[in-house]
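S.K.: First the structure, then my questions, so here it is.
The values are calculated or read from the model by the stated rules, or taken from the named source; none is laboratory data. Since we're looking at a predicted model, the values are computed, not measured. Glycine gets a Cβ as well: all are built from the backbone with ideal geometry, and neighbour counts include every protein chain shown. Each accessible area value is taken on the protein alone, full model and side chains, heavy atoms only, with ligands, DNA and RNA left out. Shrake-Rupley method; radii C 1.70, N 1.55, O 1.52, S 1.80 Å.
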Amino acid sequence: GETETGAQLRLEDVLGPWFAVVAHNTDAALAISPETRELADRFGVRFVKLVESRAGALWHTSESRDPDTVVVEDLENVLAPWFRDRGVAYALIRPDRYVAALSADDPDGMLRGYLERLAAQPAASSVR
C-alpha cells in the first residue's frame, strides 16, 4: 500500500506489531465509543483506513478520518474485493495477522466484544 506521505509499504508494516482495525473506505475510529477507544488504546490498536487505488477525494478527505488513523491506498486493489466478497467494511487483525473479527456496520461492537474477552483472560493483564 501507499501511505499519505507517498511511502510504499507492505500492509503488514503499516499495521504495526499489535492489533489493527482495517476499514474499507471508512474510519472505524470515528464509529467507536469513548469507552471502546480507551480499551483499544490499552491494547495498542492501530486504526487503518484502506482506500482503493487512486481514490481521489476518499484519499484526501480529512473530515472522514480520526487524526490517529493511518490512511493507506491499496495500490493493487486486492483488498477491496476481499471486503466486498465478505460483505464487511471492518476487519480486526490480530498481531499474528489472522483475522479476529469482521463487521459490516458495527466496528464498536466488533472491537469492544473481542477486546473485552481478551482483557478478561489472566495473561491480558500484562499487555501494555
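S.K.: Need the failing condition index for L58 against (1) touching a strand residue (DSSP E or B) at 6+ places or on another chain (Cβ under 6 Å); (2) modelled with pLDDT of 90 or more; (3) open to solvent by 70 Å² or more (accessible area, probe 1.4 Å), just the number.
M.R.: The failed condition is (2).
S.K.: Please name all residue pairs, on different chains or six or more residues apart, with Cβ atoms under 8 Å, provided the first residue is in the stretch 86-108 and is more than 16 Å from L11 (Cβ to Cβ) and the second residue is open to solvent by 20 Å² or more (accessible area, probe 1.4 Å) and among the acidic types (D, E).
M.R.: A89/D105
S.K.: Which numbered condition trips up A89, out of (1) among the aliphatic types (A, V, I, L, M); (2) under 12 Å from the mean Cα position of the chain (by Cα); (3) open to solvent by 30 Å² or more (accessible area, probe 1.4 Å)?
M.R.: Result: A89 fails condition (3) only.
S.K.: Residue by residue through the stretch 4-34, note down the ones that are modelled with pLDDT of 95 or more and more than 11 Å from the chain's Cα centre (by Cα).
M.R.: Residues satisfying the conditions are I32, S33, P34.
S.K.: Hey, among the residues in the stretch 18-38 that are hydrophobic (A, V, I, L, M, F, W, C), touching a residue at least 60 places away in the same chain (Cβ under 8 Å) and open to solvent by 30 Å² or more (accessible area, probe 1.4 Å), which one's farthest from A104 (Cα to Cα)? Can you show your working first?
M.R.: So in the stretch 18-38, the residues hydrophobic (A, V, I, L, M, F, W, C) come out as 18-23, 28-32.
When the remaining residues are screened for being touching a residue at least 60 places away in the same chain (Cβ under 8 Å), the result is 18-23, 28, 31-32.
Next cut, open to solvent by 30 Å² or more (accessible area, probe 1.4 Å) only: 18, 31.
On the way: W18: 22, A31: 12 Å.
It comes out as W18.
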